1. Quick one: is residue 37 over 20 Å from the mean Cα position of the chain (by Cα) and modelled with pLDDT under 85?
2. Which pairs have Cβ atoms under 9 Å, sit 6 or more apart or on different chains, and link a residue in region 68-91 that is in a helix (DSSP H, G or I) to one that is aromatic (Phe, Trp, Tyr) and surrounded by 11 or more Cβ atoms within 10 Å (Cβ to Cβ)?
3. Would you mind telling me which numbered condition in (1) surrounded by 10 or more Cβ atoms within 10 Å (Cβ to Cβ); (2) farther than 15 Å from residue 116 by Cα; (3) within 23 Å of the chain's Cα centre (by Cα); (4) modelled with pLDDT of 85 or more residue 104 fails?
4. Please count how many residues of region 51-85 are modelled with pLDDT of 80 or more and of a type in the set (D, E, K, R).
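The values are calculated or read from the model by the stated rules, or taken from the named source; none is laboratory data. Fair warning: this is a prediction, and the values are worked out from it, not measured in the lab. Note that each Cβ is placed from the backbone with ideal geometry, even for glycine, and that neighbours are counted across all protein chains shown.
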Amino acid sequence: MELYVSVLVLGAIAAGFAVFSVVVSTLTGPKRYNRARLDSYECGIEPTPQPVGGGRFPVKYYTIAMTFIVFDVEIMFLVPWAVHFDALGGFALLAVFLFLLNLTLAYVYEWRRGGLDWD
């Protein structure tokens, strides 16, 4: 257990700093609210009014963000493999090949469905 004490102390300090920052910003921040501040923000684009009673909600920004996250995670897995490529055997090469094949299929699927079009 004594090996994890430093990790637990660091986690407690980080959590304490996060809570402290939120509380202090709430107490010391300005309390001026206006229409522009309370309005929704859609990535720099003027917010479109939602129809009364609901309607379709555009999720294009969220799908692009999820695509970015997927390919960012891909790089996160490939960089350590590339750094230690000489020490790994044929199994690692096969695993990365299957990993890239899986991601390529997902990329082609999204491309054909029009998920990468900005129109």
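1. yes
2. From region 68-91, the pairs are 70/107; 71/107; 74/99; 77/99; 78/99; 81/99.
3. Unmet condition: (2).
4. 2
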